[in-house]
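Single-structure report; data block below.
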Amino acid sequence: MSFNDFLPHPLWIFAVKNCIYPVLGSVHSLPPKPSPIAPKALWDWRKTYLARLTVKQQVQSMYTENVFTREQSNAEMLSMLDELRALVDRQSAGSSGVIATSVPTLNTVRLNRTTGTDHCLERPLVSIVLQGSKHISCGIRETSRELHLTEGNSLLVAVDMPTSSTIIVDSNKPFLAIFVYLDKSTLLDLTLKMNSTKQIQLPAMERENIGGAAVDMVDADVLSCMLRLARLWDKPEQIAVRAPIILHELHYVVLAGRYGHLLQKLYRRDSQNSSVVQAIALLKQDLASPLRVNDLARQVNMSVSSLHRHFKQLTGYSPLQYRKQLRLLEARRLMFSENEQAASAAMIVGYESVTQFNREYKRMFGEPPHRDIRRLQAI
């Protein structure tokens, strides 16, 4: 046997160098670039190797990218909130209370001191608190439901609701907020279109929910719409054209976002809550007439028990309690804005007894009518 017999055959050298060694080496390191004369099939393992080796790196990269995107998104949100706060502060300077702006249905709120409990009938709206905080209570005292808003929170009121609220001013900075009244016909039209295209598959609220109202961190799309509307204050010549477009978009993003399920159940014609909305409209039409709940239930195609249950779930009140709230709030408006005397205001809203009116007025507002109105006029 010659010395050459102990030497590896050239084919073995080729196999070890170009096939076996790279496979074994792939456990710890990337193999060298394949020989151009090697069959392509021998190198399919490289794709598997690369995929297997980089799974962890890919996950880490995706996580890092998501964190960066989330942080970037948060930074953008804070920047938009800061800009909107500055715009509202400038726009409302020198004023106090609710301030209508040059953009239709867009309003600002500015209060320079903490307030006592205020009562009002909230209309459907979406608002953003920009500075300070607000506490809202809805319903009768025994079953009152509470909402608390701080900076960066958004409030949705989906239906006309009697509420009481307290504004809290911190660090000598005024309370600042911005809100848009929602148009019911626009919401109904969009709901029908979204139902027809099966877009109504909506996430649940992440925070508080009291039937017809909800509080959550402001949604980026809602914030964007509000900011673009506020920027129009500096471009009055563009308001007539651009404001309706942005307002329509705002209605859509509210309906399609995390608030959507609240509005969906109100504007779907086959829902019980849409019947409650009809009942509320009927109650508001004629405050002075006696209320017969049986007749009201029949008008909205509900049983009396079903009307009571769904009405209270949505508003926090029974139909009779809701009507009483409306009457007292309207009487207060008549005395404050139109200088009506307590007796005449009571009769206008349907009270037959002035004594009963004074008693219920004091129970709701904390003071007799004449004293309460004097306090409001002094503010």
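For region 289-379, GluC sites (Glu not before Pro) meeting the loop criterion (DSSP other than H, G, I, E, B) and having at most 13 other Cβ atoms within 10 Å: Glu338, Glu352. The modelled label-to-label distance between Ile140 and Val241, using points 7 Å beyond Cα along the C-beta direction, is 5.5 nm. With each label modelled as a point 7 angstrom along the Cα→C-beta vector, the Asp170-Thr186 pair spans 3.1 nm. As a proxy for reagent exposure, ranking Ile246, Ile140, Ile379 by other Cβ atoms within 10 Å from fewest up yields Ile379, Ile140, Ile246. Could you compute the FRET efficiency for Thr105 and Ser337, with r as their C-beta to C-beta distance and R0 at 22 Å, rounded to 0.05? It comes to 0.60. Peptide packing for 283-292, 213-222 was compared via the average number of neighbouring C-beta atoms within 10 Å per residue; ordered from the highest value, the list is 213-222, 283-292.
For region 223-377, a crude dipole built from +1 on the beta carbon of Lys and Arg and -1 on the beta carbon of Asp and Glu, taken about the Cα centre, is about 460 debye to the nearest 20. Please give me, ordered by residue number, the trypsin sites (Lys or Arg not before Pro) of region 103-171 that lie in loop per DSSP and have at most 12 other Cβ atoms within 10 Å. For trypsin sites (Lys or Arg not before Pro) across region 103-171 that sit outside H, G, I, E and B with at most 12 neighbouring Cβ atoms in 10 Å, the list reads Arg113. A crude spin-label estimate for the pair Gln278 and Leu78, with each label 7 Å from Cα along the Cβ direction, gives 5.0 nm.
None of the figures in this text is laboratory data; all of them are computed from the coordinates on show. Small disclaimer: the values here were computed from a predicted structure and weren't measured. We place every Cβ from the backbone using ideal geometry, glycine too, and count neighbours over all the protein chains shown.
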